[in-house]
Amino acid sequence: MCSCIESANVTEALVAEGNDPSGRQPKRRRLVLLLCLGVVPLSLTGGGVYAVQHFGMWPFGQGKPTAQATRPAFVDLPEMALTLPNGGQPRQMRIKLSLELAAGRPETPPSELLTPKVYDALLTYFRTLRDGEIQGSLALDRMRGDLYRRLNLVLGPGVLRDVLITSLVVA
């Protein structure tokens, strides 16, 4: 009976010193180990990333954001009425377009967008449309894409953001 009490006292003394005979680490030691191996390196890494990004030495965080993001500008083109070739039976089309200019670009005056060169590009495209190209569910998307490509060539890269078809009547 005495030996059981003595072995219990020895076990308590070993646990108090940090040497657990069962092989388990005490909670305090696990907590310190977790802090040293996990939390501290992660916080140092996060702080380092913030410092590098904040001082502009990292290629992913170049500079500070602008004061206020500028809104895109819209320019409405006058309505165009034209005759489409339709294999002997001509059809009439009325279309109204709106051009969305890219944000952050110096103001492009509307007179530059309404030049005869722009109208020539639009008329050339519309006169080559066939009847089947303006029918169907994807017709407007194809037309907008073609108009965007043509106007981007005429106006130059970076000026135009999108072409919007605001009105279309084919009779």
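The values are calculated or read from the model by the stated rules, or taken from the named source; none is laboratory data. Since the structure is predicted, the reported quantities are computational estimates derived from the model, not experimental observations. Neighbour counts run over all protein chains shown; Cβ positions are idealised from the backbone, glycine included.
Of everything in region 95-123, what is at pLDDT 80 or above, in a helix (DSSP H, G or I) and touching a helix residue (DSSP H, G or I) at 6+ places or on another chain (Cβ under 8 Å)? Give them in sequence order.
The answer is Lys117, Val118, Ala121, Leu122.
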Tabulated pairs, region 71-90, first among the polar types (S, T, N, Q), second loosely packed, with under 13 Cβ neighbours inside 10 Å, C-beta under 7 angstrom, 6+ apart or interchain: Thr83/Pro90; Thr83/Gln92
